[in-house]
Amino acid sequence: MRQRWGLIFAVACISFFSGGWLLQRGVDSDGGVYRSARLFDDVLARVQTYYVDSIGEADLYQKATVGMLAELDDPYTDLLQGDNYKALTETTTGNYGGLGIQIDVRGGWITVVSPLPETPAERAGIQTGDQIIAINGASTEGYSSEKAVSSLRGPAGTDVVLSVRRSGVPEPIEFKLTRAQIHNRSIYAPTLFPNNIAYVGLTTVSQASTSEVRQAIDSLRAAGATSLILDLRGNPGGLLDEGVEVSDLFLDPGQEVVSTRGRAPGSSETYSDSKPQAWPRMPIVVLVDVGSASAAEIIAGALQDHDRALVVGLPTFGKGLVQSVFRIDQTTALKLTTARWYTPSGRTIQRTASDERDQVMQAMAAADNGGVVPDSVLHARGDSLGLPEFKTDDGRIVLGGGGIVPDLIVRQDTFTTAEREFAKAIGSNFAVYQDILTSYALELKNAGTVKSPNFSVTPAMRTVVYDRLEAKGVTMSRATFDGGATTVDRQLGYMIARYVFGRSAEFRRIAADDEQVQEALSLLAKASTTEALISLGDRPVVPARK
């Protein structure tokens, strides 16, 4: 009997200690979360109770949330609240409450660049060059651009009174306008160039981008366009679905546009074209640069991988991360990175970099190295070159490693030594210089002395600018000023064209000086088919013209 109880006791002890140990192991493996949560609550309670400054519990939770997101080390994940959430909504929809005026601040006053079509500003008679000197009776002198925008915008249906100074009119003009829902179009300067070449700039990828691109190209086709320049330079991207839809306009059913790969259920998906091409066989040049990112890179990558367009310009930014927006409440949303993007050939769009500044540096370095980020740049970050090669549908080699490398790298013109000296002399007085160009352009508009959009900037006009710089206390030698003559002539020419003849005339003048646009026009003038155009891309880097 004694042996039996001894055995029972031994078994009980073994069961107790082994079970306890196993239970403790379970707590160790699964209870780390609970200990961390308890640690957080303990720290929160002590900070709230003992910290030298009083911080409310709600503020502490807010700081903890922001700190947690910062620790993800992802510049694209963010908690959007208040104005930041409102800005995201305006960017993705293109809609805001306001008057429909493109403005700039010049000479300390809000200056109208142009009223948007079919908006309260245009219907009321606001004109390019008008100066808004008061809003609801309050002077606008000295307003910053941000304050000017916030003062003019507001909920649709609300009224605002503008006092406007107009060249040639002795007294201010008063306008009472009612704000409306304004749609900020995502396309820029649709233009028909010689040789029946259409140009459409896409500035962002928002909810209406596909319909706006289609409408613009249809209109230009009706006017005789047979080929297209699609300008994605400076386009920061936007909505994934809309980027896919824009690509659909140029691809065949079944062709892949982009794929996403993520960890969460539903985050890995392949997006393919579902509709016939809108304009089959139309040769297309896509312009890109370091400012082309995100959904803009999706469009460029899809058209390049399927040999549908020739991509021209500079290597793109390399932002290939999918952000999902989770709405928390009416004024708050979580923008969270949930997947990565890959082009149809399998290239990752995301450039490996420590931060956005590093991404820009790599893209700019690649522009000077045939599209490849130099070893010196990568090694400085501890990386090796090793950029993978991929193939398009027709077997052309395209480089991976992040961003979209153009088929033909074309650099923009660079400043001469004399022009750099001029820019250095202007220095911190650049705003004064811009004000002088604007006021002079408005005077010429009022005088009616410039008769044609093809006007030339004369030495006499340039002298006026120099004299006014001196009068404003901006000192530089005449030799230094004359060294920047080409720069002054271009910038004054753009400003006069804008305020005398409108934004379309200004754009044509800018395009004439744009190396990448001019290269695209030259390529399309030589190629009547997509195949012929693609073959022209198999060439060395095109240097900037001097």
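The values are calculated or read from the model by the stated rules, or taken from the named source; none is laboratory data. Because the structure is predicted, anything quoted here is derived from the model rather than measured. Virtual Cβ from ideal backbone geometry, glycine too; neighbours counted across all protein chains shown.
Would a scan of the range 248-259 turn up a residue that is part of a helix (DSSP H, G or I) and among the charged types (D, E, K, R)? Yes; the residues of the range 248-259 include at least one that is part of a helix (DSSP H, G or I) and among the charged types (D, E, K, R). Exactly one residue out of Gly254, Gly291, Gly262 is at pLDDT 95 or above and closer than 26 Å to Phe390 by Cβ: that is Gly254. Is it the case that Leu99 is at pLDDT 75 or above and either of a type outside the set (S, T, N, Q) or surrounded by 20 or more Cβ atoms within 10 Å (Cβ to Cβ) (or both)? Judged against the criteria, Leu99 is a match.
Within the range 111-132, count every residue that is in a strand (DSSP E or B) and farther than 20 Å from Leu437 by Cβ.
Keep residues of the range 111-132 that are in a strand (DSSP E or B), which gives 111-115, 131-132.
Next, only the ones that are farther than 20 Å from Leu437 by Cβ stay: 115.
Count: 1.
Selection of the range 278-297 for residues being of a type in the set (A, V, I, L, M, F, W, C) and free of Cβ contacts under 8 Å to residues at least 60 places away in the same chain yields Val286, Ala293. In the range 181-231, of all residues being aliphatic (A, V, I, L, M), in a helix (DSSP H, G or I) and without any contact (Cβ under 8 Å) to a residue 60 or more places away in the chain, the one that is nearest to Leu524 (Cα to Cα) corresponds to Leu220.
For the range 260-277, give me each residue that is in a loop (DSSP other than H, G, I, E, B) and buried (at least 16 other Cβ atoms within 10 Å of the Cβ).
Asp273, Gln277
If you filter the range 308-344 down to residues that are assigned to a loop (DSSP other than H, G, I, E, B) and of a type in the set (D, E, K, R), you find that the one that is nearest to Gly403 (Cα to Cα) is Lys319. Out of everything in the range 167-180 that is outside any strand (DSSP E or B) and touching a helix residue (DSSP H, G or I) at 6+ places or on another chain (Cβ under 9 Å), what residue ends up being nearest to Glu212 (Cα to Cα)? Only one residue fits best here, namely Arg179. In the set Val246, Val257, Val205, only one residue is more than 25 Å from Ile510 (Cβ to Cβ) and surrounded by 16 or more Cβ atoms within 10 Å (Cβ to Cβ); that residue is Val257.
For (1) at positive phi; (2) over 30 Å from the mean Cα position of the chain (by Cα); (3) surrounded by fewer than 16 Cβ atoms within 10 Å (Cβ to Cβ); (4) not assigned by TED's automatic domain parsing to the domain that holds Ser209, each residue gets a yes or a no:
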| position | (1), (2), (3), (4) |
| --- | --- |
| Glu122 | no, no, no, yes |
| Ile126 | no, no, no, yes |
| Asp130 | no, no, no, yes |
| Tyr143 | no, no, no, yes |
| Ser151 | no, no, no, yes |
| Thr158 | no, yes, yes, yes |
| Ser163 | no, yes, no, yes |
| Arg166 | no, yes, no, yes |
| Phe193 | no, no, no, no |
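Among the residues making up the range 32-57, those that are acidic (Asp, Glu) and loosely packed, with under 11 Cβ neighbours inside 10 Å are Asp41, Asp42, Asp53. Scanning the range 281-307 for residues that are in a loop (DSSP other than H, G, I, E, B) and under 16 Å from Val213 (Cβ atoms) gives Met282, Ser292.
Under the condition of being at pLDDT below 80 and exposed (fewer than 15 other Cβ atoms within 10 Å of the Cβ), the residues counted in the range 105-120 number 2. For the range 134-158, filtering for residues that are among the charged types (D, E, K, R) and either assigned to a loop (DSSP other than H, G, I, E, B) or in contact with a strand residue (DSSP E or B) (Cβ under 7 Å, 6 or more places away or on another chain) (or both) leaves 2.
Filtering the range 391-407 down to residues that are touching a helix residue (DSSP H, G or I) at 6+ places or on another chain (Cβ under 8 Å) and at pLDDT 90 or above, which residue is surrounded by the most Cβ atoms within 10 Å (Cβ to Cβ)?
Ile404
The residues on offer are Ile187, Ile217, Ile229, Ile197, and the sole one that is under 21 Å from Arg308 (Cβ atoms) and modelled with pLDDT under 95 is Ile187.
For Gly537, the criteria (1) part of a loop (DSSP other than H, G, I, E, B); (2) at pLDDT 95 or above hold in every case but one, which is (2). Tell me, please, whether a residue that is part of a helix (DSSP H, G or I) and aromatic (Phe, Trp, Tyr) can be found in the range 424-437. The answer is yes, given that some residue of the range 424-437 is part of a helix (DSSP H, G or I) and aromatic (Phe, Trp, Tyr).
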